[in-house]
1. Out of segment 206-224, which residues are touching a helix residue (DSSP H, G or I) at 6+ places or on another chain (Cβ under 8 Å) and part of a helix (DSSP H, G or I)?
2. For the list (1) modelled with pLDDT of 80 or more; (2) in a helix (DSSP H, G or I), I need the number of the one condition that residue 159 fails.
3. For segment 279-290, enumerate the residues that are assigned to a helix (DSSP H, G or I) and surrounded by fewer than 20 Cβ atoms within 10 Å (Cβ to Cβ).
4. So, restricting to helices (runs of 4 or more DSSP H) that lie completely within segment 1-111, which ones have at least 1 residues that are modelled with pLDDT of 90 or more and more than 16 Å from the chain's Cα centre (by Cα)?
5. So which residues in segment 236-263 are part of a helix (DSSP H, G or I), under 19 Å from residue 132 (Cα atoms) and touching a residue at least 40 places away in the same chain (Cβ under 8 Å), if there are any at all?
6. Can you say whether residue 177 is over 30 Å from residue 70 (Cα atoms), in a helix (DSSP H, G or I), in contact with a helix residue (DSSP H, G or I) (Cβ under 7 Å, 6 or more places away or on another chain) and modelled with pLDDT of 80 or more, as far as the supplied structure shows?
7. Out of 170, 203, I need the residue that is part of a helix (DSSP H, G or I) and surrounded by fewer than 23 Cβ atoms within 10 Å (Cβ to Cβ). Which one?
């Protein structure tokens, strides 16, 4: 029996979500003692190169040319917001809060996508979607109020250090939510793989310039490169499948599936980083609410 377009979109989104869940931990290790800005530029550059090579082996160069000139603007905004700016800010949140706390907040961006999609794409916000997004917010509130990671409970700068992390996670959510709509508008005009490649190169240019201007003396230790390469592999899988999903199902449905990452991230964090991640009942309850809201949105 043939798989429907909607089911295909959901499968693609699930693959992207799992890849990004694994990525959250590889990038956490990559950032140990490394410059956030230069790590972001390194991952973005390698990610853009690998996705472009794969893309050119599947589609011709002519598929990179959009039919409508406004698509260039959408591509530029998607690359700027989702890759160039959001990744730098998101990596800062992971570095300061750890994956278990930063990801649920950042993954709240279906709320932003639902609003921007209704405005720009005419996608309806149903009562079920509204309730699901409300549950997402409730779950995020519990996660924010959960006990801090054990590695950050001591020290005079712990409070300010974590505050910057929460702000970065929130800003990431806003940027990703807006960028998701621009990704979909771009993918409706040119091949989704071409969208991935172009957006990644734009993001790399932005992060490279930011690293040169804002952190010229930053370094990346040798031990970080294996984790950067692993992070690149995860991103190379996640980004194309994420954008392909938009061409098969609703934007808010795709982003809601991506927001279910806490269901994957928290068990992984407990298994491999239990001494620092401090998985608590409140944290788990928040993740369950987030996933519950996601199920309501996609059904």
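The values are calculated or read from the model by the stated rules, or taken from the named source; none is laboratory data. Just so you know, these numbers come straight off a predicted model, no measurement behind them. Here the Cβ positions follow ideal geometry from the backbone for every residue, glycine too, while neighbour counts run over all protein chains shown.
1. Initially, segment 206-224 is screened for residues touching a helix residue (DSSP H, G or I) at 6+ places or on another chain (Cβ under 8 Å), giving 206-208, 210-211, 214-215, 218-220, 224.
206, 207, 208, 210, 211, 214, 224 - these are the residues of segment 206-224 that are touching a helix residue (DSSP H, G or I) at 6+ places or on another chain (Cβ under 8 Å) and part of a helix (DSSP H, G or I).
2. Tallying (1) modelled with pLDDT of 80 or more; (2) in a helix (DSSP H, G or I), residue 159 fails exactly one: (1).
3. We begin by selecting, within segment 279-290, every residue assigned to a helix (DSSP H, G or I); these are 281-290.
281, 282, 284, 285, 288 - these are the residues of segment 279-290 that are assigned to a helix (DSSP H, G or I) and surrounded by fewer than 20 Cβ atoms within 10 Å (Cβ to Cβ).
4. On the way: elements: 5-30, 36-56, 70-78, 86-97, 99-106.
Qualifying helices (runs of 4 or more DSSP H): 5-30, 36-56, 70-78.
5. Taking segment 236-263 as the starting set, the residues that turn out to be part of a helix (DSSP H, G or I) are 236-246, 251-258, 262-263.
Filter once more, keeping what is under 19 Å from residue 132 (Cα atoms): 251-258, 262-263.
Passing the criteria: 251, 252, 253, 254, 255, 256, 257, 258, 262.
6. Numbers: over 30 Å from residue 70 (Cα atoms): no; in a helix (DSSP H, G or I): yes; in contact with a helix residue (DSSP H, G or I) (Cβ under 7 Å, 6 or more places away or on another chain): yes; modelled with pLDDT of 80 or more: yes.
No; evaluated as a whole, the condition is false for this residue.
7. On the way: 203 fails: surrounded by fewer than 23 Cβ atoms within 10 Å (Cβ to Cβ).
On inspection, the qualifying residue turns out to be 170.
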